[in-house]
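This report concerns only the one structure given below.
The values are calculated or read from the model by the stated rules, or taken from the named source; none is laboratory data. Note that the structure is a prediction, hence the values are computed from the model and not measured. Here Cβ is always computed from backbone atoms with ideal geometry, including for glycine, and neighbour counts include all displayed protein chains. Just so you know, the surface numbers come from the protein's heavy atoms only, side chains and all, with ligands and any DNA or RNA stripped out. Shrake-Rupley method; radii C 1.70, N 1.55, O 1.52, S 1.80 Å.
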Amino acid sequence: MIAFVYPLVLLAALHSGAAQAAPYIPASGQQVLERLPGRLEPAQRELARLRAELTANPNDLPRATFLARRYIEQARRDGDPRYLGYAQAALAPWWNTARAKAPPDVLVLRATLNQSTHSFDAALADLDEVVRRDAGNAQAWLTRATIQLVTGDYAGARTSCARLFSRTADLVVQTCLASVGSVSGSAGASYERLRRVLAARLDSPAPLRAWAATLLGEMAERLGKHAAAESHFREALAADPQDSYLLAAYADFLLERGRAKEVLRLLADRTLADALLLRYAIALKTVGSPDAVRHTAALRARFEAAQRRGDVVHRREEARFALALDGNPAGAVRLAKLNWAVQKEPADLRILAQAAAGSGDAEAARLVQDWVRRHALEDRSLDASLRSLGAAT
């Protein structure tokens, strides 16, 4: 699993117009479109208090970085990228400070937020400056490994993970290393090593256990160990049931197993995030629900609004939308190739393979086959697509 941070964009309004699709109009004023977090929720009260304190003293660096981290955590949990914008605003006094003069905490947070917009080069440059000044900064090395893994630099990611030894918890180190090994030729050994470490570290903080268990679930699924994958996903949910990345990963697992009705229950109140609405709409279509049309229209409006803003960070989700909901394999493979040029996670390869198989695009097929061969990737979820690509080529 990648420690993914949602893109730094505002969510599109559901009523946004479209060039080729009419805006969705609710049947009545009583119809619920989205459930937004209430101001009385404990997390919202805490954020409001911290924001008020920072407003009173906007140049308070410790307070600003603490609030920015809290916003990033909230974005991760809710899948709401607006919090990333709030995080950047908290860092406004230092956001454009020259790299050599910016405080290390600001550089790490700026890199995390730049990662969310796929500004990977800028993010890595900030992190390189941090570790140049302080080779013991574990968060910088972990974020660096994350970006290197996302972009397919496995040797660099492995080196960054190794720099975590003796600088952070063993479970963090092993989860980092397993995330690299699982996609670069040692999936089985990486899975067993991380499984043993997690079993011996059940006293670790819940978010860390959830991260490790989610990765184990994804690894087990790619290895074809479906019962084990289910167990790991449920363990992760018990530790952190609100994490949006985990919910998306488990929803994908359920969809692949033909359990769309469970996806509907899992995500019923979590459709504010585009990635979760996408899976919810696919589940609705799978079970033949008439509500699929409404949710597909809402998702199309969000994507079209993002395109008008010039936002390109949703291309993986857009490609999946085009293939699974819009019946447009040619559009799907175009988006999947554009996405693959930027980021190379297993989910990116999966949609590229599916779109290549659905469209017959020879270039996309070669990209998939070359990557699997070059990195000895073990991913049983690609089997059907690879068979189709093999027959086509």
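Coupling constants for region 274-286 follow from the phi torsions by the Karplus curve (6.51 cos²θ - 1.76 cosθ + 1.60, θ = phi - 60°), and in residue order they are 4, 4, 7, 4, 4, 5, 5, 5, 4, 5, 4, 5, 4 Hz; glycine and proline get x. Couplings 3J(HN,Hα) of region 375-388, computed from phi: 10, 6, 5, 9, 8, 5, 5, 8, 3, 5, 5, 5, 5, 5 Hz, in residue order, whole Hz [Karplus 6.51 cos²θ - 1.76 cosθ + 1.60, θ = phi - 60°; x for Gly and Pro]. Charge dipole of region 328-392 (Cα centre as origin; +1 on each Lys and Arg Cβ, -1 on each Asp and Glu Cβ, all else neutral): 80 debye, rounded to the nearest 20.
Largest mean-square fluctuation among Ala178, Ala275, Ala347, in a Gaussian network model of the chain whose springs join Cα atoms under 10 Å apart, belongs to Ala347.
Accessible surface calculations at 1.4 Å, restricted to protein heavy atoms, place the chain at 44 Å² per residue.
A simple charge model with +1 on the Cβ of Lys and Arg, -1 on the Cβ of Asp and Glu and nothing else charged puts the dipole of the chain at about 100 debye relative to its Cα centre. In the chain, once you exclude exposed trypsin sites (Lys or Arg not before Pro) (DSSP loop, at most 12 other Cβ within 10 angstrom), what's the longest stretch remaining? No qualifying site falls inside 102-308, the longest such stretch.
This model, with +1 at the C-beta of Lys and Arg and -1 at the C-beta of Asp and Glu, gives region 56-145 a dipole about its Cα centre of some 80 debye. From helices alone, the chain scores -21000 deg cm²/dmol at 222 nm; the rule is -39500 (n - 2.57) for each run of n ≥ 4 DSSP H residues, then divide by the residue total. For region 292-298, putting each phi into the Karplus relation 6.51 cos²θ - 1.76 cosθ + 1.60 with θ = phi - 60° gives couplings of 4, 4, 5, 6, 5, 5, 5 Hz, in residue order, rounded to whole numbers and with x for Gly and Pro.
Could you work out which residue, out of Thr97, Thr65, Thr214, moves most in a Gaussian network model of the chain, that is, has the largest mean-square fluctuation with Cα springs under 10 Å? Residue with maximal mean-square fluctuation among Thr97, Thr65, Thr214: Thr97. When the charge dipole of region 169-241 is built from unit charges on Cβ atoms (+1 for Lys and Arg, -1 for Asp and Glu) and taken about the Cα centre, the candidate among Trp211, Ser190, Phe233 whose Cα reaches farthest toward its positive end is Ser190.
In region 208-360, with Lys and Arg counted as +1 and Asp and Glu as -1 at Cβ, which of these residues, Phe321, Ala275, Leu264, has the Cα nearest the positive end of the dipole, that is, farthest along it? After comparing all options, I get Phe321. The GNM of the chain, with springs linking C-alpha atoms under 10 angstrom apart, assigns the highest mean-square fluctuation among Val287, Val312, Val172 to Val287.
The share of Cα pairs per 10 Å bin across region 238-390, counted from zero up to the longest distance, runs 11, 39, 37, 13, 0 percent. Projecting the Cα atoms of Trp371, Pro62, Pro93 onto the charge dipole of the chain, computed from C-beta unit charges around the Cα centre, puts Pro62 farthest toward the positive end. Projection of the Cα convex hull of region 169-241, averaged over all directions and equal to a quarter of that hull's surface, yields 4.1 nm². Applying 1/(1 + (r/R0)^6) with r as the Cβ-Cβ distance of Asp170 and Trp95 and R0 = 35 angstrom yields a FRET efficiency of 0.50. Protection proxy ranking of 352-363, 237-248, by the mean of other Cβ atoms within 10 Å over each peptide's residues and highest first, is 352-363, 237-248.
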